[in-house]
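The values are calculated or read from the model by the stated rules, or taken from the named source; none is laboratory data. This structure is a prediction, so every number in the text was calculated from the model and none was measured. All Cβ positions, even for glycine, are placed from backbone atoms using ideal geometry, and neighbour counts span all protein chains on display.
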Amino acid sequence: MVLKKIIISVTNDLSTDQRVDKVSNTLLNFGFSVLLIGRLRDRKKSINFQKRRYDCYRFQMYFKKGFFFYMEYNLRLFFFLLKTKSDLLLSNDLDTLPANFLISKIFNRKLVYDSHEVFTEVPELIDRPLVKSIWLLIEKTCLPNIKYTYTVSDSMADYYNKKYGINMSVIKNVPLSRTGSKQKKKHDFFDDSKVKKILYQGAVNKDRGIKLMISSMLYVSAKLYIVGTGDILDYLINYTKDLNLEKKVIFVGKVDFKDLFFITEQADLGLSLEKDTCISYRYSLPNKIFDYINAEIPVLVSDLPEFRKVVQKYKIGSVLSSREPQEVADQINFLLSVSKNTWKKRFVVAKKDFCWTHEQNKLSTIFSSFLT
């Protein structure tokens, strides 16, 4: 039997994207032949993809960021899809949609859209009205004409429903269940001292609250580990030096998501302090929160609707009461002082609800019809 082929596209380099890996493996298990397309960011630091169960292909880009990057990527993707046979296309976020949408119309191919964020409402577009208007035009043209769509949170689904009258499914970005790995793997950037470890994992970009995390470390007897890279990394490294916090704030850099869990479970507290500066952040529900829950470490999160809903329902941490460094530090110190046994039963309940098994059942509802 010839398997139906699905081509999944995303603009990142694939190494840190847990969501597309989970979806790719899930679709493979459903009975699809899967090809995942991304971009090659740095050949010298490239991750080996030979061990993945599905096929991967990455474009080596001339432009690295900005308008010309997105234009180049979509042109490359368009011609790649033009000459590559497939039965189904899965577009991740608005920045891969132009090429996918055109090919779906030209060849009458089925198209599914996965929105990880409200792309037109990210911080990077706030002060760029012309660029934002272009993306809004693309969104307005494409989204109402795509039958199969899903996103990461109820708030985002409601937003798109009010704006375009479309009913998006919600597939939360929860991790695969993993337990008992502490004895299997350790990472040398976590020393064996008794110093408490605070973790931030994710993009090091504008309005993620990372500067606030760093400044709060002036009043915390612990170490903050920042796992990830992004546009303001160099600025934050210099800011850390200005505060003489180099020994308390450690920039780990990019880590393959397959190794990330082993780091996360060794931490004592997880942070997600995004600012409420845009709709995309306000309605977000990032995978880092579920990664912290799965690793059974308490969380301190911003007072945003989806964040608050999770933390207050399961009582697995605290919601930020202030964005003043001293007061943030007070909340951090309190959470670090709480016995781990206090959280244990709460994590059992939360992990049961936030598991990929539930989400893949929702994916099955969307994709099963394409296999017949």
Does L285 qualify as being assigned to a loop (DSSP other than H, G, I, E, B), crowded, with 21+ Cβ neighbours inside 10 Å and in contact (Cβ under 8 Å) with a residue 12 or more places away in the chain?
yes
Can you spot a residue in the range 267-280 that is outside the structural domain of S15 (by TED's automatic domain parsing), assigned to a helix (DSSP H, G or I) and touching a residue at least 60 places away in the same chain (Cβ under 8 Å)?
yes
Among the residues of the range 61-70, are any aromatic (F, W, Y) and under 21 Å from L111 (Cβ atoms)?
yes
Would it be correct to say that P175 is touching a residue at least 24 places away in the same chain (Cβ under 8 Å) and crowded, with 19+ Cβ neighbours inside 10 Å?
yes
Quick one: would you say D93 is touching a strand residue (DSSP E or B) at 6+ places or on another chain (Cβ under 6 Å), within 25 Å of V170 (Cβ to Cβ) and acidic (D, E)?
no
Exactly one of (1) in contact with a strand residue (DSSP E or B) (Cβ under 9 Å, 6 or more places away or on another chain); (2) closer than 17 Å to F367 by Cβ is unmet by H116. Its number?
(2)
Does the range 329-357 hold any residues that are within 20 Å of N287 (Cα to Cα) and either of a type in the set (V, I, T) or in contact (Cβ under 8 Å) with a residue 60 or more places away in the chain (or both), and which are they?
V348, V349, K351, F354, C355, W356, T357
Of the listed residues (K258, K248), the one being among the basic types (K, R), in contact with an Asp or Glu (Cβ under 9 Å, 6 or more places away or on another chain) and over 30 Å from K163 (Cα atoms) is K258
Would you check which residues across the range 210-232 are crowded, with 20+ Cβ neighbours inside 10 Å and out of contact with any helix residue (DSSP H, G or I) (no Cβ under 7 Å at 6 or more places or on another chain) and list them?
M213, M217, K223, Y225, G228
Among the candidates D87, D127, residue that is within 28 Å of T365 (Cβ to Cβ), surrounded by fewer than 17 Cβ atoms within 10 Å (Cβ to Cβ) and among the acidic types (D, E)
D87
From the option list D268, D234, single residue qualifying as farther than 22 Å from D13 by Cα and among the charged types (D, E, K, R) is D268
Of those in the range 97-138 that are over 21 Å from the mean Cα position of the chain (by Cα) and outside any helix (DSSP H, G or I), the residue farthest from D207 (Cα to Cα) is N108
Of the residues that sit in the range 5-46 and are more than 18 Å from the chain's Cα centre (by Cα) and in a loop (DSSP other than H, G, I, E, B), which one is modelled with the lowest pLDDT?
S46
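Results for (1) over 21 Å from the mean Cα position of the chain (by Cα); (2) more than 18 Å from I263 (Cβ to Cβ); (3) modelled with pLDDT of 95 or more, shown as yes or no for each residue.
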residue: P144; (1), (2), (3): yes, yes, yes
residue: Y160; (1), (2), (3): no, yes, yes
residue: Y225; (1), (2), (3): no, no, yes
residue: Y239; (1), (2), (3): yes, yes, yes
residue: L245; (1), (2), (3): yes, yes, yes
